[in-house]
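The values are calculated or read from the model by the stated rules, or taken from the named source; none is laboratory data. All of these numbers come straight from a predicted model, not from anything done at the bench. Note that each Cβ is placed from the backbone with ideal geometry, even for glycine, and that neighbours are counted across all protein chains shown.
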Amino acid sequence: MADRISSLPDSILCHILSFLQTKHAVATSILSKRWNNLWLSVPSLDLGHIRVPDHNSFLRFINFVYLFFLYRDTALPIKTFHLNFDYSRHQTPLFSHCPMDTITNWINFVVQHRVEYIHLSVETGTFPKTPLSILTCNTLVVLKLCFLSLGGRFSSVLLPSLKTLHFEHIWLHKLRDFMLFLTGCPILEDIFTFDVRVNSVESLTYDEWKSVVLSNIIGADILRFGYFPLRIVHNVQSLSSDFHQVHGVDGFISFHNLTQLQFVCASPRYNWKFVLQLLKHCPKLQKFGINEVKLDGGLWWPNKENWVIPDVVPQCLSLHLTTCNLLSFSGLEGELKLAKYILKNAKVLETMTIRNADQPRIERVLSSCTRASETSKITVYDVPCK
Amino acid sequence: MAEEVSSQMNSLSISETNPSSSATISLVSGDDIVFKVEPTIAKEMETVQSFIDETDGKITTIPLPNISSHDLPYVIEYCEKSIAGKITKEFEAEFVKKLNNEEVKELFLAANYLNIKKLLDFLSQVIADRIANKSVEYVRRYFGIENDFTPEEEAKLREELAWTFTGVDPDDEDEN
């Protein structure tokens, strides 16, 4: 085929280049004269996953980044910054200065260049400090931080454009810092956490609590963040979490917008009282699921069957629940009771899906029990016992 | 054949109780094959929709001279999935598996011409994945680019940009 791609306008070609890691985008400058200077207008610095085995490769790498900054027109924005920097702590003595200082300088630079997307992971085993300039970046829309620490020194957080927050393997100095962080994100829509550790559980005072209002929040995926105050995401439509109790002031509050709820469990032993209590506080719930995920060092619920039939049927069961997925069914008495209870009371239930681990006759037992919704369908998948 | 399939689909939808499919839009490919689509599909294609809007919806047959009858069904399939909110990683993986390099480029040009943002982003990613880590020669062949640098100019550029040419994959045998 004739070279129709090259005849497209610059903006379209730069659009393709923006999906490449920066070093590949730069390499296209050698294709032909048409392509020679295109990479200079690509608004992204995607360094990908960088492993530096020795000091020389580290120097080559920082040289690359500085050349990138030098060649470009400084008036153009850098909308995307992605770096997954990986070196083991045993190598640290190889470096004459801390790599995090250099990375912090780059972050400061992209923050000044109207960055909208930052994905920064610094896998050193030492949890270096999050560059403070990130916390007041008013153009930032998506922030993903991994293997960093946060807190202690920052005075205020100002992220008026932030919509997506992703914290993975993060050390927080104080729980309070995290909540103050959220107060600086007025239009946050999605929050994802996995493995957030807290040095001090010192929380906010009641008055400070009131200022944490995430009114635009849509989805929350909260895993391995034991002290996460669920209350601050009470506006969510979709929630996935591994909680088995509620932290924060005032205990339970209503999740009045919630339509999708997924429990993620590290072991098949649930705190049924908590599950039922939560169902009671989700009046609009349409989709409910329990999923077991193998998390190393995950929480282990007390080994007891604490199922109690609630005195009032939760409103979501009578009015809204259409889908129920029990994806870690191991045949415990409580699980069977929950499944039966939902079948008996969910009037508009359409499907119940069960992934059954080696318990015979589950399908027959459930098919024969009373159902509030005649049209509901039960599907059982058998998976071999682990 | 496309005509036949779409008329069958029409008769199916008419036999249902709700004949709300008021005016279907006819898209005419460069090789003169007519594809009838629902107005919602046309909405996904900004170029088509603005054409319809400009004529206050009076014109419902739209010629697309730059798009062949081979490529148009792929575009329509993607738009249908998009409307249904069923663009998943699995769907995209299956979708792209069916396409060779030429088809990816043709569809990219079609998506650009029709101004379908989601499809354009998706295909940009596909093209980027297919040229990442490849040698300059491979990427030239991939796009059909003629090298207009003199050997001296190219050697100089390569020297200047040596910092980017580390860890390039060996070229694939299969070029298509």
Task: Residue match in segment B:92-101 (condition: within 12 Å of another protein chain (Cβ to nearest Cβ), within 23 Å of A:Ser6 (Cα to Cα) and more than 11 Å from the chain's Cα centre (by Cα)) - done: yes
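Would you call B:Gln49 within 21 Å of A:Ser18 (Cβ to Cβ), assigned to a helix (DSSP H, G or I) and not hydroxyl-bearing (Ser, Thr, Tyr)?
Criteria not met by B:Gln49.
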Open item on the list: Could you go through segment A:239-255 and let me know if any residue there is modelled with pLDDT under 90 and not in a loop (DSSP other than H, G, I, E, B).
Closed with: yes
- [ ] Being of a type outside the set (D, E, K, R) and at pLDDT below 90 narrows it down to one of A:Ile30, A:Ile62, A:Ile78, so name that one.
- [x] A:Ile62
Task: Filtered residue count, segment B:22-46, keeping only those that are of a type in the set (Ser, Thr, Tyr) and assigned to a helix (DSSP H, G or I) - done: 1
TODO: Determine if segment A:82-102 includes at least one residue that is within 14 Å of chain B (Cβ to nearest Cβ), surrounded by 14 or more Cβ atoms within 10 Å (Cβ to Cβ), at pLDDT 85 or above and on the phi < 0 side of the Ramachandran plot.
DONE: yes
- [ ] Test A:Ser161 against the stated conditions and say whether it is free of Cβ contacts under 8 Å to residues at least 40 places away in the same chain and not hydrophobic (A, V, I, L, M, F, W, C).
- [x] no
TODO: Give A:Thr104, A:Thr183, A:Thr124, A:Thr80 a once-over and let me know the one that is in contact (Cβ under 8 Å) with a residue 60 or more places away in the chain and of a type outside the set (A, V, I, L, M, F, W, C).
DONE: A:Thr80
TODO: Could you please give the count of residues in segment B:137-149 that are buried (at least 16 other Cβ atoms within 10 Å of the Cβ) and either at the interface with chain A (Cβ under 7 Å from one of its Cβ atoms) or without any contact (Cβ under 8 Å) to a residue 24 or more places away in the chain (or both)?
DONE: 5
Open item on the list: Just to be sure before I move on: is B:Ala23 away from chain A (no Cβ under 14 Å) and either within 26 Å of A:Ile5 (Cα to Cα) or among the aliphatic types (A, V, I, L, M) (or both) in the structure I sent?
Closed with: yes
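Within the bounds of segment B:128-136, is there any residue that is among the charged types (D, E, K, R), within 13 Å of chain A (Cβ to nearest Cβ) and surrounded by 14 or more Cβ atoms within 10 Å (Cβ to Cβ)?
Checked segment B:128-136: at least one residue is among the charged types (D, E, K, R), within 13 Å of chain A (Cβ to nearest Cβ) and surrounded by 14 or more Cβ atoms within 10 Å (Cβ to Cβ).
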TODO: Taking B:Glu46 as the residue in question, decide whether it is within 14 Å of chain A (Cβ to nearest Cβ), surrounded by fewer than 20 Cβ atoms within 10 Å (Cβ to Cβ), touching a residue at least 60 places away in the same chain (Cβ under 8 Å) and not β-branched (Val, Ile, Thr).
DONE: no
